[in-house]
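Down below is the structure, laid out as structure tokens.
Please treat every number below as a calculation from the coordinates, not as lab data. Just so you know, these numbers come straight off a predicted model, no measurement behind them. Note that we place each Cβ from the backbone using ideal geometry, even for glycine, and neighbour counts take in every protein chain shown.
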Amino acid sequence: MQIERPRRPTSPPPPAAAAVAAAAAMSSVLGDDDLLREILLRVGLPTSLLRGALVCRRWLRHASDPAFLRRFRDRNPSRILGAYLDTGVGPTPRPLFVPIRPLPELAAAARRAGSFFDAFKGSSASVLDSRGGRLLVTAFDDRYDSTHLVCSPLSPSGHTVVVPPPPPPPPIQLTSDEECIIYHYGEILPDDGNGRSYFCVVMGYSEQQTTVHLYELQDTNWVVRASAAGQLPVSPPKSRVMFVDNARFYMLSTINKILVCDFPSSSISAMELPNGVVNKHSGCIMLSRGDGSRIYLMYTKESQLHIFLRGTHSDKANWLLVDTICLLQICANLGLDAWPIVDGHTDGLKIHAVGDNARFVFLEMFGAVVFLDITSKHAEKVYEMTPEDKGLISICPLMTIWPPVFPVLKEGYDQKE
């Protein structure tokens, strides 16, 4: 009988050989530009992409390529970091930052955003608009003199630029002594990330004519970018301006219409609301900017949140109901048991802010602020109103910075990859 001797265990390769093999395998992947771009495409966050771009010049070249950035943004939409709540608390009220579903990778950015308004000691401040990680802020001193600022709270230095106040209203010819003019201002940040620029819309309304002027701040001067006029039986809007592709904007009016101003054609028209939608009270309807030239409309009735979508290029486009969410079911675990219904609407339920492409919504529900992620149908209570709060005045979401600010290489820098 032959006895088999136990086999000796295979010795692992020497550490140096293992390191060489691992380096060769890594090089075969990371040395392939196509594979490298696919890896960078999946890092998920702009902050992670920026860290990857700092590895070497080659990675920076791929990460900062405009075509790659378009693919990255399509795959990884800008993420909400938190929101600034204005409740009018204290003698010098300032916005309160509330983080939303924080990630460890964004902890430093959330801390910067949370402490940004600490520098406004002795002054009150309000956020007029937020876009691409920037804020449009009005600060008031003890004499109530105002200063307009475009701020970047997510930058390490908290970059802030003082900008001129909005321009005075342009003259509008009155046809009789009984006629008056009602002006409406809307201040909004553009999409292009220009740190010194923002828009101001001035609308003059009279019984004879509605006139709209779009101003753009260029350096330190206000320039008329476009104007439009029309005669419409539409009362002055009460909600904020919402731009779509910087060529037209939409405003909810008080007579169940949407005022549409198209600057390329210098025309003003009134768009119908979706069937069954009634603008009965402030906060039951809000518009959301969609990709391309589409717009979304969010509408609350009883305990339902309805989401409609409409293309904007064609006047014959119809509203399409794309989602209906039962808030009573979604928010069942938030301790919001009372759902009083008044005149067909849930009393105490208001829409305060929405994300682009209707990705999320901030709701005021019976003294609490609720964040609802439309995609995942996840709701969470992010703020409970206190007796000191004078009311929920506004909510301005703060998104992660887009596009990432890549380093600028100096001339004569080492050309090695």
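Neighbour counts of other Cβ atoms within 10 Å put Lys390, Lys350 in the fewest-to-most order Lys390, Lys350. Per-residue Cβ neighbour counts within 10 Å put Lys280, Lys121 in the sequence Lys121, Lys280, beginning with the fewest. Summary value for the stretch 241-292: 31 percent relative contact order, contacts being C-alpha pairs under 8 angstrom separated by 6+ residues. Once both labels are positioned 7 Å from their Cα atoms along Cα-to-Cβ, the gap between Ser266 and Met385 label points is 4.6 nm. Is there a pair in Lys280/Lys390; Lys280/Lys301; Lys121/Lys381 whose C-alpha atoms are over 18 Å apart, and which pairs would that be? Cα-Cα > 18 Å for Lys280/Lys390; Lys121/Lys381; rest within. Residues Glu364, Glu302, ranked from the fewest to the most other C-beta atoms within 10 Å, line up as Glu302, Glu364.
At full extension, Gln304 and Arg101 could sit 70.7 nm farther apart than now, given 0.36 nm per residue minus the alpha carbon distance.
At 0.36 nm per residue, and after removing the present C-alpha to C-alpha distance, how many nm does the segment from Ile39 to Ser227 gain when stretched out fully?
63.1 nm
The gain in end-to-end length when the Asp65 to Ala16 segment is fully stretched comes to 14.0 nm, 0.36 nm per residue minus the alpha carbon separation.
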